[in-house]
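**Student:** I have a structure here, written as structure tokens, and I will follow up with some questions on it.
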Amino acid sequence: MFEVAFEVGWFDCDANRHLKNTAFLEYAIEARFRYFHENGFPASAFAKHQIGPVVVKDEITYKRELHLLDRFKVQFLSAGINESGTRNLVVNRIIRPDGELAAEVRSMIVWFDLAARKVRVPPPELAMAIAALARTEDYAAL
């Protein structure tokens, strides 16, 4: 399973002195792009193929707080892919230092052709990276 370690920064906190909701989304995105980079599809490949992910839906379930300078990990998993590979349900789990789940981000992503401005099938290298993702317990074809 792919995971990346992070630490809560000053800029990540809200008035309640814990990790703000938008920061959960930003760390989820960071983990996704690091996964693609480490699995054969770096930022330069996104540019070369004129493709990008478009998040059409995010759902965040909060479980536990994270505070300034807390270390945490973000896991990246697949919860489902449609037959053509154009639509992916991905999950990011934010794990506290004690191993407890801080939050889970479920995102429906479509692959977008930046030149044609429409949904497209991902190139083979990207499709292979997506297929190699660990799967959630509730993985299902879309």
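**Student:** Where does each of 74-80, 15-21 land if you order them by average Cβ count within 10 Å, highest first?
**Tutor:** Values: 74-80: 20.3, 15-21: 13.4.
In decreasing order of mean packing, 74-80, 15-21 become 74-80, 15-21.
**Student:** While we're looking at this one, here's another question. For Asn92, what charge total do you get from the other residues with a beta carbon under 9 Å from its beta carbon, if Lys and Arg give +1 and Asp and Glu give -1? Write down the numbers at each step before the final one.
**Tutor:** Numbers: positive: Arg32, Arg93, Arg106; negative: Glu104.
Net of charged neighbours comes to +2.
**Student:** Give the dimensionless ratio obtained when the Cα radius of gyration of the chain is divided by 2.2 N^0.38 Å. Spell out each step's value before the answer.
**Tutor:** Numbers: Rg = 15.4 Å, N = 142, 2.2 N^0.38 = 14.5 Å.
So the Cα radius of gyration is 1.07 times the expected 2.2 N^0.38 Å.
**Student:** How far is helix 21-38 tilted, in degrees, relative to the longest principal axis of the Cα atoms in the chain, given as a value from 0 to 90 rounded to the nearest 10?
**Tutor:** Helix 21-38 sits at roughly 50 degrees to that axis.
**Student:** Restricting to Cα pairs below 8 Å that are 6+ residues apart, what does the relative contact order work out to for the chain? Please round to a whole percent.
**Tutor:** Numbers: 283 pairs, mean separation 42.1, N = 142.
Reported relative contact order: 30 percent.
Every number in this text was worked out from the coordinates using simple rules, so none of it is lab data. What you are looking at is a predicted structure, and each value in this text was computed from that prediction instead of being measured. Every residue, glycine among them, receives a Cβ derived from its backbone with ideal geometry; neighbour counts consider all protein chains shown.
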